Number of protein chains: 4
Amino acid sequence: MVRVDLNTDSGESFGVYKLGLEAEVFKYVTSANIACGFHAGDPMVMAKTVELAAELGVGIGAHPSYPDLQGFGRRNMSLTPAEAKNFVIYQVGALKAFANAIGQPLQHVKGHGAIYNAAAKDVALARAIAEGVKAAAPEAILLALAGSEMVSAGRAVGLKVAQEVFADRAYNKDGTLVLRSQPGAMIHDPEIAIPRVVRMVTEGKVTAITGEEVEIQADSICVHGDNPEAIVFVARIREALAKAGVEVVPLREIV
Amino acid sequence: MVRVDLNTDSGESFGVYKLGLEAEVFKYVTSANIACGFHAGDPMVMAKTVELAAELGVGIGAHPSYPDLQGFGRRNMSLTPAEAKNFVIYQVGALKAFANAIGQPLQHVKGHGAIYNAAAKDVALARAIAEGVKAAAPEAILLALAGSEMVSAGRAVGLKVAQEVFADRAYNKDGTLVLRSQPGAMIHDPEIAIPRVVRMVTEGKVTAITGEEVEIQADSICVHGDNPEAIVFVARIREALAKAGVEVVPLREIV
Amino acid sequence: MVRVDLNTDSGESFGVYKLGLEAEVFKYVTSANIACGFHAGDPMVMAKTVELAAELGVGIGAHPSYPDLQGFGRRNMSLTPAEAKNFVIYQVGALKAFANAIGQPLQHVKGHGAIYNAAAKDVALARAIAEGVKAAAPEAILLALAGSEMVSAGRAVGLKVAQEVFADRAYNKDGTLVLRSQPGAMIHDPEIAIPRVVRMVTEGKVTAITGEEVEIQADSICVHGDNPEAIVFVARIREALAKAGVEVVPLREIV
Amino acid sequence: MVRVDLNTDSGESFGVYKLGLEAEVFKYVTSANIACGFHAGDPMVMAKTVELAAELGVGIGAHPSYPDLQGFGRRNMSLTPAEAKNFVIYQVGALKAFANAIGQPLQHVKGHGAIYNAAAKDVALARAIAEGVKAAAPEAILLALAGSEMVSAGRAVGLKVAQEVFADRAYNKDGTLVLRSQPGAMIHDPEIAIPRVVRMVTEGKVTAITGEEVEIQADSICVHGDNPEAIVFVARIREALAKAGVEVVPLREIV
């Protein structure tokens, strides 16, 4: 039976500031990428999010970022490979401690925002991140953009790697994401997005923005959980996957 | 044979800022309390300090603090017990990841500065810290002020606890430290300080500032390593301990 | 004619995080205490909030805090007087630059959260804050808890001082606020709170929680603007003040 | 008579961390670029550095940076123009408040590290910074890399602009600095560097790394003050300038 994971960014509240509807979206997703305090999250938020994920059977993942709370980790920033590696060790170590504290394993690690995008193309950065994950959580799965440099880097250091796809993003014919700044980059219509993502999972194919058929490995689908419309969208994806005979399970059961 | 550990605060550089003479003081101490980024230290400094400690056979410890980089963790700050616990989990988890990354265990945890002092007297805070250590590193030794609430709290949650004494501080007759703001609080003369600390180790006794004999458990002696005079002082303590037949060993061999 | 100012905390968003309904509450208040980046706010938020206040004719004030983004400035923290003074200079200078950049004066300064509460009672801290305001904005009005040490300190350094009262808080017979942790500290019923605050303005009196009549100087009323109910409450206060013949004007027209 | 300013980065200590020998270098320079808390410095350090500069007659300047304490403002970072402008307003406003608090004007503003380098070439960033300076301190001089985009941007918004040269850096034939990563970028030999910088001041010319003569406007020479050798170097530059009949004066007397 075909299986896929649904992952969502979470634990992105900070102090008095609330962001994300974890109590809702955790009913539908199977893996949670939890902020580690560098772009969002703080130790209180991390503890609560990890607990909620455990309660609802959602796989616990670390979501390391550039150190950029004010910019929510979305600003490009130049780090040396040694800095990138050590920043990952720090954040993954911290999040893993919260998981282990309640008897849970760290299931996976996925980069956040600008570092995720940069590492998809930058071989040295991807390698540094992979080494950081390997150092801090060799048992964890690295969750990376399908077909990206991050996938190769994770394999090169000996990590289990899962590939993720996006329901709401257009793809180039080389399998990379169309930049958000380009027209047509975002796919807002669920009637188009949902069958498209189901096809990625069941057939391993997606139609590029220029019309070509592109092969893609969809171990996990990235979904959002920060507004009520997003929750509805996730619920519909699950429904469509079920109808297509796809089982939705945590990442650890796939890779 | 009587044995004691020598511990020192370390890894307190930050970015371009250098603090501490680890390459020197690590020749003489057996345990290092390594800053975790909240009062000092950053992931680069943590990685380097952990490596150096491992190389020189110094026991690796986490040195969590209040979140107060500007005040070097010396400002009093009110945290809820839940905050204190989670801040400890975060910092200990991060430091432990650097140790584990190079195949080293986390030997111990010791609070830094204002939180160390507050937890010596504040039962709820001590309990919260102990729970944080237990959650993030149940195998680690809690290093705490001899005779303090932190010692009791560590035992209450089931941690191994080591008690530390200070060579350069005066004691009250109840075994607490004389506040730095009081006259006579600091003992600057090595001719007085050294025999005094040797006696704490060999006889388990120290003379209070008011003249009484106080019983004290000296599992570890706290020394400084941030200036050349401090290094000389540490070397002299080791010499005096050797002469008194005391073996200096890492904390893990004592508790 | 009796006149009073209505002030509200504002500019407390941070990065992607939104807090406060400035576009709504600025229709009703006459003075805005704008966060300066230490407990909330960032340069983007400061610029936007200052502009909105200017547009809607709301007096622009700086709202300095302890350096505590994670704790929203609500954690008690020990600072030296020199630190408190310099932290105030820094924050007031930064906010004033945004006001001056669009041709607006800085109308007032009001402490935030824990430092506001501490300075109401701590003479040395109050003095340090007053000196900081005097140094950075000698022309600005210091807005302080009615009858507090902050009022005396502001006058002692030669600042104009305005006294503020709270519609939703109970008072002790010495004019101090009943601590939030005490029963009866908060007055939630608008039917009680509104006539009570009108009386403070028109008669200069309030009934203490223990029944005594207390004299109080009400130059400004502190109101909230972070949720829809608060906005309704502010509108009702304005209505009640109008009915009582009280004119609501910015602080600079009162002191 | 030919005149030139000597400027140095300063106020780069932070909390317990000491950096810079202001008490020494301020004897030789005429303008100080003082860190504003984003890459270094804190309110205590800012207050002390401003006071020392005033005491020794050194022109007080703000030294704004990217928000990057851990990376000392040396990491490249992508900001929107609005962010860059507002970050400059914030920092310049804060530093200006410390100057004004002791009756001193803000003489100038100079970008720090990565933002300085980026703004030399990036027209939009240069414009945003210039607008920030104009907004926060329209009376201040913008100190910028000779011949750079920052110079044009400063003039375009109506600021007074001063151009700075480096004694220890090689130049390309288009007047830009040779990147530090290139061989020959740094000129370490004082016997070469000093006559070279004197010539820039007296003749307005420098020999490019490829041999061409390049015209350059030297209103100010950037020197270092963070180690004893640097102090000796600055003293020698002053001596050589005096011998060449050049008067060393604060920037405000030049532009």
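Brief remarks follow.
- When B:L177, B:L95, B:L143, B:L125 are screened for being at pLDDT below 95 and of a type outside the set (S, T, Y), only B:L177 passes.
- In the stretch D:216-237, the residues that are open to solvent by 70 Å² or more (accessible area, probe 1.4 Å) and closer than 24 Å to D:E24 by Cα: D:H224, D:D226, D:P228, D:E229, D:V232, D:R236
- Selection count, the stretch B:90-145, where residues are within 13 Å of chain A (Cβ to nearest Cβ), assigned to a loop (DSSP other than H, G, I, E, B) and in contact with a strand residue (DSSP E or B) (Cβ under 8 Å, 6 or more places away or on another chain): 4
Matching residues to (1) acidic (D, E); (2) on the phi > 0 side of the Ramachandran plot:
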position	(1), (2)
D:E213	yes, no
D:I216	no, no
D:D219	yes, no
D:C222	no, no
D:E229	yes, no
D:R236	no, no
D:A242	no, no
D:G245	no, yes
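- Hits in the stretch D:69-79 - residues which are buried (at least 24 other Cβ atoms within 10 Å of the Cβ) and either under 18 Å from the mean Cα position of the chain (by Cα) or within 11 Å of chain C (Cβ to nearest Cβ) (or both): D:G73
- Long-range neighbours under 7 Å by Cβ, at least six apart or interchain, first residue touching a residue at least 24 places away in the same chain (Cβ under 8 Å) within the stretch B:212-231, second among the acidic types (D, E) and open to solvent by 20 Å² or more (accessible area, probe 1.4 Å): B:G225/B:E22; B:G225/B:E24; B:I231/B:E24
- Complete set of residues in the stretch D:151-172 that are assigned to a helix (DSSP H, G or I) and open to solvent by less than 20 Å² (accessible area, probe 1.4 Å): D:V151, D:A153, D:G154
- In the stretch B:80-89, the residues that are crowded, with 24+ Cβ neighbours inside 10 Å and more than 7 Å from every other protein chain (Cβ to nearest Cβ): B:A84, B:K85, B:V88
- Restricting attention to the stretch D:232-255 and to residues that are among the acidic types (D, E) and in contact (Cβ under 8 Å) with a residue 24 or more places away in the chain, the residue that is nearest to D:N33 (Cα to Cα) turns out to be D:E253.
- Here the condition is being out of contact with any helix residue (DSSP H, G or I) (no Cβ under 7 Å at 6 or more places or on another chain), in a helix (DSSP H, G or I) and over 28 Å from B:G11 (Cβ atoms); of B:R196, B:R238, it holds for B:R196 alone.
- Scanning the stretch D:31-48 for residues that are open to solvent by 10 Å² or more (accessible area, probe 1.4 Å), farther than 20 Å from C:D42 by Cα and either at pLDDT below 95 or within 19 Å of the chain's Cα centre (by Cα) (or both) returns a single hit, D:V45.
- Residue that is nearest to the chain's Cα centre (by Cα), among those in the stretch C:209-233 that are modelled with pLDDT of 95 or more and polar (S, T, N, Q): C:S220
- B:A153 free of Cβ contacts under 8 Å to residues at least 60 places away in the same chain and out of contact with any Lys or Arg (no Cβ under 7 Å at 6 or more places or on another chain): no
- Of the residues making up the stretch B:49-68, not one is over 19 Å from the mean Cα position of the chain (by Cα) and within 27 Å of C:N86 (Cα to Cα).
- Of all positions in the stretch D:173-190, none carries a residue that is in a loop (DSSP other than H, G, I, E, B), within 24 Å of D:R252 (Cα to Cα) and of a type in the set (D, E, K, R).
- Unmet criterion (only one of (1) in contact with a Lys or Arg (Cβ under 8 Å, 6 or more places away or on another chain); (2) buried (at least 23 other Cβ atoms within 10 Å of the Cβ)) for B:G113: (2)
- Selection status of C:E55, closer than 25 Å to C:P250 by Cβ, away from every other protein chain (no Cβ under 12 Å) and surrounded by fewer than 19 Cβ atoms within 10 Å (Cβ to Cβ): yes
- The residues of the stretch B:19-39 that are within 14 Å of chain A (Cβ to nearest Cβ) and in a loop (DSSP other than H, G, I, E, B), listed by number, are B:C36, B:G37, B:F38.
- Residue check, A:G225 in contact with a Leu (Cβ under 6 Å, 6 or more places away or on another chain) and in a loop (DSSP other than H, G, I, E, B): yes
- Some residue of the stretch B:206-215 being open to solvent by 50 Å² or more (accessible area, probe 1.4 Å), out of contact with any Leu (no Cβ under 7 Å at 6 or more places or on another chain), among the β-branched types (V, I, T) and closer than 29 Å to B:G158 by Cβ: no
- Scanning the stretch B:199-212 for residues that are part of a loop (DSSP other than H, G, I, E, B), touching a strand residue (DSSP E or B) at 6+ places or on another chain (Cβ under 7 Å) and β-branched (V, I, T) yields a single hit, B:I209.
- Across the stretch D:11-18, not a single residue is classified as more than 14 Å from every other protein chain (Cβ to nearest Cβ) and either within 17 Å of D:E164 (Cβ to Cβ) or surrounded by 24 or more Cβ atoms within 10 Å (Cβ to Cβ) (or both).
- Within the stretch C:59-67, at least one residue is open to solvent by less than 50 Å² (accessible area, probe 1.4 Å), within 13 Å of another protein chain (Cβ to nearest Cβ), outside any helix (DSSP H, G or I) and without any contact (Cβ under 8 Å) to a residue 40 or more places away in the chain.
- Scanning the stretch A:173-205 for residues that are within 26 Å of A:A114 (Cα to Cα), among the hydroxyl-bearing types (S, T, Y) and either touching a residue at least 60 places away in the same chain (Cβ under 8 Å) or surrounded by fewer than 15 Cβ atoms within 10 Å (Cβ to Cβ) (or both) turns up just one, A:S181.
The values are calculated or read from the model by the stated rules, or taken from the named source; none is laboratory data. Predicted model, so just to flag it, every value in this text is computed and none were measured. Cβ coordinates were reconstructed from backbone atoms using ideal geometry, including for glycine residues, and neighbour counts include every protein chain displayed. Only protein heavy atoms, including side chains, enter the accessible area calculation; ligands, DNA and RNA are left aside. Shrake-Rupley method; radii C 1.70, N 1.55, O 1.52, S 1.80 Å.
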